[in-house]
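What follows is calculated from the coordinates using simple rules that are stated; it is not laboratory data. Since we're looking at a predicted model, the values are computed, not measured. In this analysis, Cβ positions are derived from the backbone assuming ideal geometry, glycine residues included, and neighbour counts consider all displayed protein chains.
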Amino acid sequence: MSTTAVAPLSTRDAESLITEVRRAAETAGVTVSVTVLDAGGHLLAFRRDDRAVLISGETSTRKAYTALQLNAPTADLVEAVQPGGLFHTLPTALDRPLLFIAGGIPVHRDGRLIGAVGVGGGAPEQDHGFALAAVETLARSRA
């Protein structure tokens, strides 16, 4: 086990994630909300486009929270909550704001979970793509 300290997700990182999501969404002509949480699940940054549907703020936050708590992209968890799936009862068993719709991505640094980003407002596949592009851009910028 490594005892090397890993830099936490900073507000600067969070702003970079939001900028990249919004750039990708704007290119696709989609209005979105973006939520960035730190490793403890605390809000680091949030942005809702003027014309994004109001519920997208809530969905982006829940997607980020779900990705963080399960350390997995929410797109990878959709099947697990279907009847017969590994996590079928999880959404109702816990009193937590989980949302199993694509658009939440955990953020790692040096192999450690440091936060998550969630995107809401587009189709689930679009939200996933925007979030993934932002996380990949952040990883490249720190390499």
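For this structure, a couple of remarks:
- Packing-based exposure ordering (other Cβ within 10 Å, fewest first) of Thr137, Thr59: Thr137, Thr59
- Taking His108, His128 and counting other C-beta atoms within 10 Å, the order from fewest to most: His108, His128
- Förster radius 22 Å - calculated FRET efficiency between Ser141 and Ala28 (Cβ-Cβ, nearest 0.05): 0.55
- Dipole magnitude for the chain: computed about the Cα centre from +1 point charges on Lys and Arg Cβ and -1 point charges on Asp and Glu Cβ, it is near 260 debye.
- Label-point separation, Glu58 to Thr11 (7 Å along Cα→Cβ), nm: 2.8 nm
- Gained length - Leu86 relative to Ala72, 0.36 nm times residue gap less alpha-carbon distance: 3.6 nm
- Whole-Hz couplings from phi, Karplus 6.51/-1.76/1.60, listed for the stretch 39-54; x for Gly and Pro: 4, x, x, 8, 5, 9, 7, 8, 8, 10, 4, 3, 9, 5, 4, 4
- Oblate is the label for the chain, because a/c, from the alpha-carbon gyration tensor with a ≥ b ≥ c as root eigenvalues, is 1.5 or above and a/b does not exceed b/c.
- Sorting Val81, Val117 by the number of Cβ atoms found within 10 Å of their own Cβ, with the fewest placed first, yields Val81, Val117.
- The HN-Hα couplings worked out from phi for the stretch 74-86 by the Karplus form 6.51 cos²θ - 1.76 cosθ + 1.60 (θ = phi - 60°) are 4, 4, 7, 9, 4, 5, 5, 9, 6, x, x, x, 3 Hz, whole numbers, x standing for Gly and Pro.
- Between amide H atoms placed 1.01 Å from N, distances below 5 Å from Leu77 occur with no residue 5 or more places distant or on a separate chain.
- Straightening the chain between Leu113 and Asp49 buys 20.3 nm, computed as 0.36 nm per residue apart minus the Cα-Cα spacing.
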